[in-house]
Amino acid sequence: MCGTCGCGEGQVQIDGKHHHGQPREIALERDIMAKNDGYADANRRRFVEDGILALNLVSSPGSGKTEILVKTIEMLSCATPCYVVEGDQQTSNDADRIRATGAPAVQINTGKGCHLDAHMVGHAVDDLGPKPGGIVFIENVGNLVCPAGFDLGEAHKVVVLSITEGEDKPLKYPDMFAAADLALINKADLLPYLDVDIDLMVANARRINPRLVIIQTSAKTGAGMADWLKWIRTAHHLAAAAAAE
């Protein structure tokens, strides 16, 4: 069970003792994170040994991360084998969109769960069977809370933020922006039509995480995609170099 939101499965220990007739806080105790981290470490070892770059894409629903991912695969797939783990509560719509690019994709439906965990991802990667030197994109469930705390074995978390979400989004969800290495500020083509202070949005993100790399993108126009692909290729090169050590 997720210690943040109560989603997931597993046994829960409940301590419901009373003191002097007053109900005590019910403690839900389980070392969920340690168990997840064990699976994440195994995933990471696999990725590192095979020179695979694994990226965990996280965002609110509707940020446009699936469209960004589709465009990214179309631009990369000729040179680099790409594989996708898709996380959603229901439907296989996003996995179907990915498969239409020719890239293999495994859909994980979490039901009431609001995030992927490392165990789920490990099984999905087994099904995908990525070739050494490939790229595994993990598109997480649309949620900026729980995915921040769950290591999946990825090399980097990439947070996708639509400009329609407001300048204060990084301040409202600081854990996610603190955990990310890269932020894509997406739907930049809408800037002329919205009352959005993009400089303030960037400043708020950097206030939470000064080391955060930020790229403005538009899947519709292609703006920023070259910079995003350059970042991926650099990270991919580092993954290959680590495998060769």
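Measuring between alpha carbons in the structure, the pairs from Lys71/Lys112; Lys65/Lys172; Lys35/Lys230; Lys172/Lys220 lying more than 25 angstrom apart are Lys71/Lys112; Lys35/Lys230; Lys172/Lys220. Taking the helices alone, the chain has a mean residue ellipticity at 222 nm of -11000 deg cm²/dmol, built from -39,500 (n - 2.57) per DSSP H run of at least 4 residues and averaged over all its residues. Beta bridges assigned by DSSP with both partners in the chain are antiparallel in approximately 15 percent of cases.
The ranking of Thr80, Thr221 from fewest to most other beta carbons within 10 Å of each one's beta carbon is Thr221, Thr80. Using the alpha-carbon atoms, what tilt in degrees (0 to 90, nearest 10) does helix 225-244 show relative to the longest principal axis of the chain? The angle comes out at about 70 degrees. Rounded to the nearest 10 degrees, the inclination of helix 65-76 to the longest alpha-carbon principal axis of the chain is 40 degrees.
Remark: the stretch 206-221, residue by residue, has Karplus-estimated 3J(HN,Hα) of 6, 5, 6, 9, x, 8, 5, 7, 10, 10, 7, 10, 8, 5, 6, 9 Hz, where x stands for each Gly or Pro and the curve is 6.51 cos²θ - 1.76 cosθ + 1.60 at θ = phi - 60°. Give me the distance between the Cα centres of the stretch 111-150 and the stretch 164-196, rounded to whole Å. Taking the Cα centre of the stretch 164-196 as reference, the centre of the stretch 111-150 is 22 Å away.
For the stretch 166-233, trypsin sites (Lys or Arg not before Pro) meeting the loop criterion (DSSP other than H, G, I, E, B) and having at most 15 other Cβ atoms within 10 Å: Arg211, Lys220. Of the residues Ile214, Ile73, Ile32, which exhibits the maximal mean-square fluctuation in a Gaussian network model of the chain defined by a 10 Å Cα contact cut-off? Answer for the Gaussian network model of the chain: Ile32. Ranking Pro147, Ala34, Pro210 by how far each Cα lies toward the positive end of the dipole of the chain (charges on Cβ) leaves Pro210 at the top.
Geometric descriptor of the stretch 17-244, per residue, is 149 Å³ (volume of the convex hull of the Cα atoms).
Legend: ranking of residues Val125, Val84, Val213, Val159 from fewest to most surrounding C-beta atoms inside 10 Å; resulting order Val213, Val125, Val84, Val159.
For the stretch 59-122, the list of GluC sites (Glu not before Pro) that fall in a loop by DSSP and count at most 10 other C-beta atoms within 10 angstrom is empty. Take every Cα pair under 8 Å whose residues are at least 6 apart in sequence, average their separation, divide by the length of the stretch 17-244, and the relative contact order is 25 percent.
Take every pair of alpha-carbon atoms less than 8 Å apart whose residues are at least six positions apart; their mean separation over the length of the stretch 60-176 yields a relative contact order of 31 percent.
In this structure the amide hydrogen of Gln107, modeled in the peptide plane, comes within under 5 Å of the amide hydrogens of Glu86, none closer than 5 places in sequence on its chain.
Any read-out appearing in this document is the output of simple, stated calculations on the displayed coordinates, not a laboratory observation. The structure presented is a predicted model; accordingly, all values stated were derived computationally and were not measured. Here Cβ is always computed from backbone atoms with ideal geometry, including for glycine, and neighbour counts include all displayed protein chains.
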